[in-house]
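Okay, structure first, notes after.
Here, each number is a calculation from the coordinates, and none is a lab measurement. The structure presented is a predicted model; accordingly, all values stated were derived computationally and were not measured. So basically every Cβ, Gly included, is an ideal-geometry build from the backbone, and we count neighbours across all protein chains shown.
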Amino acid sequence: MKRIVLVSGTSNPKLSSDISKILDVPLVDPQVTKFANGETFCEIEQNVRGADVFIIQSTCAPVNDNLMELLIMIDALKRASAASITAVIPHYGYCRQDRKVSPRTPISAKLVSDLITVAGASRVITMDLHSGQVQGFFNIPFDNIYASPVLVGHIKRELVGDNTIFVSPDAGGVERARHYAKKCKCDIAMIDKRRTGKNVAKAMNIVGDVKGKDCIILDDMIDTAGTLIEACNALKENGAKSVVACATHPVFSGPAIERITKSDALSKVLVTNTIPLSKAAIDSGKIISVSVAEILAKSIHRTFNNDSVSSLFL
């Protein structure tokens, strides 16, 4: 008889707990600890022999610690004779390093995919990959699910009005903006930007009419928020009435929270809980988090029952 086991990593315990409650399946604590020299150790205290195991672990900051923890948990479960091991990675770290951008640089996204596969994962479930081609780095089944049903629902209820327009922060995000605009029956615009260095970009032109409009900037993640604030300022300078940002992954590195809090151009930021918010982010008053626990739980349940996952988004 098939048996499902949920294992919670340490990166996002609240999300793991919410998924556990929705599925009515108890969480297994992998007993992750560190030796004095910093090495990670875990011990699965429940019998998983012959079970279909789902490990819930975002590879968010500290990225290397959480990634290593994931690999060690997979190895422990493989050696405990689990029938299958699915790595549920709501936020997939290293995804931006998907190609060589200059000579003698690594393709770290490929390296991480090899590590996860060799560790013993049978399948990967993740959400809103920054680079869709990373799916091709794996030789095991890979499901890239979308946060759009959750975000669109909130946007329709709270943000969409007669003058709403969806804005893509760059050319690569136009398809995302078009998808949201179609669901909400709104127009789209695009910001032409130039990247001048790591985490540094300059907004050059606005493609589309944003004068007098309530703008919603869509992206898959917000890292240092430098690009986001630059985009908000450009929209305001072109006559936008208000600017709200929406992203799946609240990475919020370095000065991100300070930039968001101090920005007069940006009124609100809508994100999901693929990465837990820091106290500073919660206290900022501008950041709203919606839960993706239900859609991840449905994906886990359908995977376990060999049902279609893609039908969740059709």
Residues of the stretch 239-258 satisfying the condition of being within 28 Å of Ser16 (Cα to Cα) and in a helix (DSSP H, G or I): Ala256, Ile257
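Quick one: in the stretch 43-90, of everything that is small (Gly, Ala, Ser) and under 16 Å from Ile275 (Cβ atoms), which residue is surrounded by the most Cβ atoms within 10 Å (Cβ to Cβ)?
It comes out as Ser58.
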Taking the stretch 252-271 as the region of interest, how many residues are over 15 Å from Ile217 (Cα atoms), within 15 Å of the chain's Cα centre (by Cα) and crowded, with 21+ Cβ neighbours inside 10 Å? 1
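Report yes if some residue within the stretch 279-302 is aliphatic (A, V, I, L, M), closer than 20 Å to Ile217 by Cβ and in a helix (DSSP H, G or I); otherwise report no. Walk me through it before giving the result.
As a first pass, look at the stretch 279-302 and keep what is aliphatic (A, V, I, L, M): 280-282, 287-288, 290, 292-293, 295-297, 300.
Within this subset, residues satisfying the condition of being closer than 20 Å to Ile217 by Cβ are 281, 287-288, 290, 292.
Imposing the further condition that a residue be in a helix (DSSP H, G or I) reduces the set to 281.
Scanning the stretch 279-302 turns up at least one residue that is aliphatic (A, V, I, L, M), closer than 20 Å to Ile217 by Cβ and in a helix (DSSP H, G or I).
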Residue among Ala109, Ala119 that alone is touching a Leu at 6+ places or on another chain (Cβ under 6 Å) and under 21 Å from Gly93 (Cβ atoms): Ala119
Of a type in the set (Asp, Glu) and within 20 Å of the chain's Cα centre (by Cα): which single residue out of Asp128, Asp162, Asp192 fits that description? Asp128
Some residue of the stretch 95-106 being in contact with a Gly (Cβ under 8 Å, 6 or more places away or on another chain) and crowded, with 16+ Cβ neighbours inside 10 Å: no
So which residues in the stretch 120-159 are among the β-branched types (Val, Ile, Thr) and either surrounded by fewer than 17 Cβ atoms within 10 Å (Cβ to Cβ) or part of a loop (DSSP other than H, G, I, E, B) (or both), if there are any at all? Ile140
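Considering Thr274, Thr261, which residue is in contact with a Lys or Arg (Cβ under 7 Å, 6 or more places away or on another chain), hydroxyl-bearing (Ser, Thr, Tyr) and closer than 30 Å to Ser17 by Cα?
Checking each option against the conditions leaves just Thr261.
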Criterion first (over 16 Å from the mean Cα position of the chain (by Cα) and surrounded by 17 or more Cβ atoms within 10 Å (Cβ to Cβ)) does Phe35 satisfy it? no
Going through (1) assigned to a loop (DSSP other than H, G, I, E, B); (2) in contact with a helix residue (DSSP H, G or I) (Cβ under 7 Å, 6 or more places away or on another chain) one by one, Pro103 fails only at (2)
For the stretch 10-52, enumerate the residues that are of a type in the set (Gly, Ala, Ser), in contact (Cβ under 8 Å) with a residue 24 or more places away in the chain and either in contact with a helix residue (DSSP H, G or I) (Cβ under 6 Å, 6 or more places away or on another chain) or not in a loop (DSSP other than H, G, I, E, B) (or both). Ser11, Ser16
Kindly indicate which of Gly172, Gly239 is under 30 Å from Ala293 (Cα atoms) and surrounded by fewer than 17 Cβ atoms within 10 Å (Cβ to Cβ). Gly172
Those residues of the stretch 216-263 which are among the acidic types (Asp, Glu) and without any contact (Cβ under 8 Å) to a residue 12 or more places away in the chain amount to Glu237, Glu258
Of the conditions (1) closer than 24 Å to Gly93 by Cα; (2) free of Cβ contacts under 8 Å to residues at least 40 places away in the same chain, Thr274 satisfies every one except a single condition; which number is it? (2)
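If you check Ala121, Ala51, Ala83, which single one turns out to be under 23 Å from the mean Cα position of the chain (by Cα), within 23 Å of Leu296 (Cα to Cα) and of a type in the set (Gly, Ala, Ser)?
Ala121
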Name the residues in the stretch 204-228 that are surrounded by fewer than 22 Cβ atoms within 10 Å (Cβ to Cβ) and among the hydrophobic types (A, V, I, L, M, F, W, C), would you? Met204, Ile206, Val207, Met221
How many residues, within the stretch 282-294, are in contact with a strand residue (DSSP E or B) (Cβ under 7 Å, 6 or more places away or on another chain) and buried (at least 21 other Cβ atoms within 10 Å of the Cβ)? 2
